[in-house]
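Undergrad: Here it is, the structure, as structure tokens.
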Amino acid sequence: MGKLDGRVVIITGAARGQGEQEARLFRAEGAAVVVADVLDDQGESLAKEIGATYVHLDVGEEADWQAAVTAAKEAYGRLDGLVNNAGILRFNALADTPLDEFMQVVRVNQVGCFLGIKSVAPELADGGTIVNTASYTGVTGMAAVGAYAATKHAILGLTRVAALELAHRGIRVNAMCPGAIDTAMSNPAQLDPNADAAGMTDALDALYRKLVPLGRIGRPEEVARLALFLTCADSSYITGQPFVIDGGWLAGVSVV
Ligand code: NAD
């Protein structure tokens, strides 16, 4: 028996990183999965490997959402869950951030999450789930990622309001707030075939040993397990909440 037997879940940004690990784990737990991304080759190949369906979905495009929902229902006949995982990060001080860059981050992270809720909620079976991927920077500040942090704070607002509006159908909406996780977003060496990505993971572990009580950067598989918890019946009485998964980073600072 899998924890997601019989459920159909769309995961955005699932071609790599945390979304990929969520797709793999959800399939292993019995869900039918729709892998959605703009990275078509990677997404198609992952979907083929794990027995999922791939759809091209730019989360900032409402028409793409409608097509993805239609594809999910045509392939599997129903829809039970959404993981809004797609996201982008840009580094800049607020005073140096061009408006275009700010709006690009808003479009993917915040509008993408909104359009996901708007497009999928009406089609979800009663008792369905939505898991939004916010961030550690959705609950605290971090210099040089102002646009990103603003969108991740906004995702928590969307999560709480959606939870209130959908609870009457038994649909639960929660958010994950990961700290630093070892994906291409934190470790761009993973995107360069000539780079030493494993060596960079070691370097990141060493860096986070100083910052994070648990002494290392997080792994995407660990976030996938939280997404599973929030999507399956183990979290049946939980809605509208942010879940921090950060190795203790937000707990505070140590002075000794
Ligand atoms: P990643 O860059 O490996 O994955 C992001 C995925 O989103 C990619 O597959 C990318 O193609 C996809 N994507 C980007 N723009 C898209 C669009 N317009 N439409 C559809 N898909 C799009 O990074 P990740 O760490 O796996 O990121 C997953 C989520 O976790 C993001 O929302 C990110 O903000 C969040 N997050 C990451 C970290 C971290 O340290 N890695 C920390 C906190 C939160």
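The values are calculated or read from the model by the stated rules, or taken from the named source; none is laboratory data. For clarity, every value in this text was computed on a predicted model and none was experimentally measured. Reconstructed Cβ throughout: ideal geometry from the backbone, glycine too, with neighbour counts over all protein chains shown. In case anyone asks, the SASA skips ligands and DNA or RNA and just uses the protein heavy atoms, side chains included. Shrake-Rupley method; radii C 1.70, N 1.55, O 1.52, S 1.80 Å.
Undergrad: Which value, in Å² and to the nearest 10, is the accessible area of PHE243 when all protein chains are kept and the probe is 1.4 Å?
TA: PHE243 exposes around 50 Å² with every protein chain in place.
Undergrad: List the residues, sorted by chain then number, that are 5 or more residues from VAL173 or on another chain and whose placed amide H is less than 5 Å from its amide H.
TA: The answer is ILE130, GLY240.
Undergrad: Still on this structure: What do you reckon, how do VAL255, VAL69 stack up by accessible area (1.4 Å probe), largest on top? Show your work: numbers first, answer last.
TA: Details: VAL255 140, VAL69 5 Å².
Descending order: VAL255, VAL69.
Undergrad: Kindly express, to the nearest 10 degrees and within the range 0 to 90, the angle between helix 17-28's C-alpha long axis and the longest C-alpha principal axis of the chain.
TA: 40
Undergrad: Mind ranking ARG209, ARG7 by accessible surface for me, highest first, 1.4 Å probe?
TA: Numbers: ARG209 150, ARG7 55 Å².
Sorted descending by solvent-accessible area, the residues read ARG209, ARG7.
Undergrad: Okay, next question. Hey, what angle do you get for helix 146-166 against the long axis of the chain, alpha-carbon based, 0 to 90 degrees rounded to 10?
TA: 30
Undergrad: Answer rounded, prolate or oblate for the range 116-238, using the Cα gyration tensor with square roots of eigenvalues a ≥ b ≥ c: rounded when a/c is under 1.5, else prolate when a/b is larger than b/c, else oblate.
TA: Numbers: a/c = 2.28, a/b = 1.98, b/c = 1.15.
In terms of gyration-tensor shape, prolate.
Undergrad: Right, another one. Checking the a/c ratio against 1.5 first, then a/b against b/c, what shape does the Cα gyration tensor give for the chain? Please report the intermediate quantities before stating the final value.
TA: Working: a/c = 1.44, a/b = 1.38, b/c = 1.05.
Cα axes put the chain in the rounded bin.
Undergrad: Right, next: Accessible area, 1.4 Å probe, largest first: how do LYS73, LYS210 sort?
TA: Values: LYS73 75, LYS210 175 Å².
Heavy-atom accessible area, descending, gives LYS210, LYS73.
Undergrad: Can you tell me the orientation of helix 62-76 relative to the chain, as the angle in degrees between its alpha-carbon axis and the longest Cα principal axis, to the nearest 10?
TA: 60
Undergrad: Using amide H atoms built in the peptide plane, which far-off residues or other-chain residues are under 5 Å from ASP246 H to H?
TA: Under 5 Å from the amide H of ASP246 lie the amide H atoms of GLY179, each far enough along the sequence or on another chain.
Undergrad: Along the range 230-241, what does the Karplus equation 6.51 cos²θ - 1.76 cosθ + 1.60 (θ = phi - 60°) give for ³J(HN,Hα), rounded to whole Hz, x for Gly and Pro?
TA: Each residue's phi maps through the Karplus curve to give 6, 9, 9, 5, 4, 10, 4, 10, 10, 8, x, 10 Hz.
Undergrad: If you don't mind, there's one more thing I want to ask. Which value, in Å² rounded to 10, gives the accessible area of TYR148 with a 1.4 Å probe and all protein chains present?
TA: My reading of the accessible area for TYR148 is about 30 Å².
Undergrad: Where the only charges are on Cβ atoms (+1 Lys, Arg; -1 Asp, Glu), what is the dipole of the chain about its Cα centre, to the nearest 20 debye? List each step's numbers first, then the result.
TA: Values: 20 positive and 30 negative charges, 166 e Å.
Around 800 debye, computed over the chain.
Undergrad: Based on Cα coordinates alone, diagonalise the gyration tensor for the range 44-176, multiply each eigenvalue by 5, take square roots, and list the semi-axes in whole Å, largest first. Each step should come with its number before you reach the end.
TA: Numbers: eigenvalues 152, 66, 29 Å².
With the √(5λ) rule applied to the range 44-176, the semi-axes are 28, 18, 12 Å.
Undergrad: Please turn the phi angles of the range 38-43 into ³J(HN,Hα) values with the Karplus equation 6.51 cos²θ - 1.76 cosθ + 1.60 (θ = phi - 60°), one per residue in order, whole Hz, x for glycine and proline.
TA: 9, 8, 5, 5, 5, x
Undergrad: Here's something else I'd like to know. By its C-alpha gyration tensor, with a ≥ b ≥ c as the square roots of the eigenvalues, how is the range 96-160 shaped: rounded for a/c under 1.5, else prolate for a/b larger than b/c, else oblate? Walk me through the intermediate numbers first.
TA: Working: a/c = 4.26, a/b = 1.86, b/c = 2.29.
Oblate, because a/c is 1.5 or more while a/b does not exceed b/c.
Undergrad: What residues have an amide H closer than 5 Å to that of ASN92, excluding those fewer than 5 places away on the same chain, when H is modeled at 1.01 Å from N in the peptide plane?
TA: Placed amide hydrogens put VAL145, GLY146 under 5 Å from ASN92.
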